[in-house]
Amino acid sequence: MIIEPRMRGFICLTAHPKGCEQNVKNQIEYVKSKGKIDGPKRVLVIGASTGFGLASRITSAFGSDASTIGVFFEKAPAEGKTASPGWYNSAAFEQEAHKARLYAKSINGDAFSNEVKEQTINMIKEDLGQVDLIIYSLASPVRLHPETGVLHRSTLKPIGSTFTNKTVDFHTGKVSEVSIEPATAEDIANTVVVMGGEDWSMWMDAMKAAGVLADGATTIAYSYIGPEVTEAVYRKGTIGRAKDHLEATAFEITEKLKDINGKGYVSVNKALVTQASSAIPVIPLYISLLYKIMKAEGIHEGCIEQIQRLYADRLYTGNAIPTDDKGRIRIDDWEMREDVQSQIAKLWGESTTESLVELGDLAGYKQDFLNLFGFGFEGVDYLADTDEMVMVPSIN
């Protein structure tokens, strides 16, 4: 079939298998170009199919020759219907890993469930024995709690008062004002259950009990802080409460892993175009301004550049891992530079539908959004008849 992008709001309903393959290959080439990292050898990535999780799997495998198991929840293809992009990304990753004679297997299912945890632990036992790095990079809006059976939904809302600020429709470039009503106590609690650290902790408890954590095992979850302009709706809103819980969980995990010399960390990463961030009011405008400035300064990074730098410059230097005063690894340091943020604050006030064409990088935003779904890559013939029925080799 000829596969074209079909948009509905902040979602693309189609994905291009060849484009997703090219995306994965590009990231692999980047990691290889930066040289070897004396890093982990047996890695589990929970949330491995897109974004920072995919970049972590690629960096582990092609930066450190690691064996990797990836857990994700993606839609397989059906005749005449494309898979979700994460499915095609994972298929391409496994194919490239196998070509490089690297172990790579995947599990497709709900990572919040006890069943997927058990399946993953059994795979580790059978194939790897133990793992020395566990990346936790889930980005789900809902969680079916495995103990209570309750379905929790996260919300993106401010706490205390209505939030009003500018946003942009990145499809049209129209800048407008948006208002978001404040969260209820139930909204906050649900968001913490979905996006906080409880499930991360449950994974680590289950793995420790099963004896599949190597001595000195490290686990890292990804977080975001962001600037003052998004603070009310993000870091001081419902998601911020969940991130606070996630960060507190890192210390609890470290305490639990003391007897095997293990550590839990949160890495604070840079703002990037993802399916999740595109749906958050205010964030697309912020990212379009941020991209323009960081590209002009020569410090712009995508997911793969961020994670390669995290591994090479923070995690596996041979020295102690540097953290901020709250124990967090900061790889958002270039985004949060004072000169970058002061420029954004100035441009924010000047941003209108007309001026954003010059002030921001909407073209770069749109390009990155299309890339998420395998569209817009050089070297891919998007007019060619393409087989949508691409399978992940390790998933029957």
Counting only residues in the stretch 193-217 that are open to solvent by 30 Å² or more (accessible area, probe 1.4 Å) and outside any helix (DSSP H, G or I), the one nearest to Leu315 (Cα to Cα) is identified as Gly216
Would the stretch 140-149 turn up any residue that is of a type in the set (Asp, Glu) and over 30 Å from Met7 (Cβ atoms)? yes
Over the stretch 138-191, the set of residues touching a Pro at 6+ places or on another chain (Cβ under 9 Å), part of a loop (DSSP other than H, G, I, E, B) and more than 30 Å from Val116 (Cβ to Cβ) is Pro158, Ile159, Gly160, Ser161, Thr162, Phe170, Glu181, Pro182
Every listed condition ((1) at pLDDT below 95; (2) not in a helix (DSSP H, G or I)) holds for Ile239 save (2)
Scanning the stretch 111-131 for residues that are touching a helix residue (DSSP H, G or I) at 6+ places or on another chain (Cβ under 9 Å) and among the hydrophobic types (A, V, I, L, M, F, W, C), the one surrounded by the most Cβ atoms within 10 Å (Cβ to Cβ) turns out to be Val131
Counting only strands (runs of 3 or more DSSP E) entirely within the stretch 53-137, those with at least 2 residues that are over 26 Å from Glu247 (Cα atoms) are 104-108
Counted residues in the stretch 83-105 being more than 17 Å from the chain's Cα centre (by Cα) and open to solvent by 10 Å² or more (accessible area, probe 1.4 Å) come to 9
Just one listed residue, out of Asn108, Asn190, is under 22 Å from Cys12 (Cα atoms), buried (at least 16 other Cβ atoms within 10 Å of the Cβ), within 22 Å of the chain's Cα centre (by Cα) and at pLDDT 95 or above, and it is Asn108
Residue under question is Tyr234, and the condition is that it be surrounded by 22 or more Cβ atoms within 10 Å (Cβ to Cβ) and farther than 27 Å from Glu147 by Cα; does it hold? yes
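Results for (1) under 22 Å from Ser179 (Cα atoms); (2) in contact with a Lys or Arg (Cβ under 7 Å, 6 or more places away or on another chain); (3) at pLDDT 95 or above; (4) of a type in the set (S, T, N, Q), shown as yes or no for each residue.
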position: Met207; (1), (2), (3), (4): no, no, yes, no
position: Gly216; (1), (2), (3), (4): no, no, yes, no
position: Ile280; (1), (2), (3), (4): yes, no, no, no
position: Leu289; (1), (2), (3), (4): yes, no, yes, no
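The values are calculated or read from the model by the stated rules, or taken from the named source; none is laboratory data. Treat the numbers as computed from the prediction; the structure is a model and nothing was measured. Methodologically, a virtual Cβ is constructed for each residue, glycine included, from the backbone with ideal geometry; neighbour enumeration extends over all protein chains shown. The protein model used for the area step is the full one, side chains on, heavy atoms only, and it has no ligands, DNA or RNA in it. Shrake-Rupley method; radii C 1.70, N 1.55, O 1.52, S 1.80 Å.
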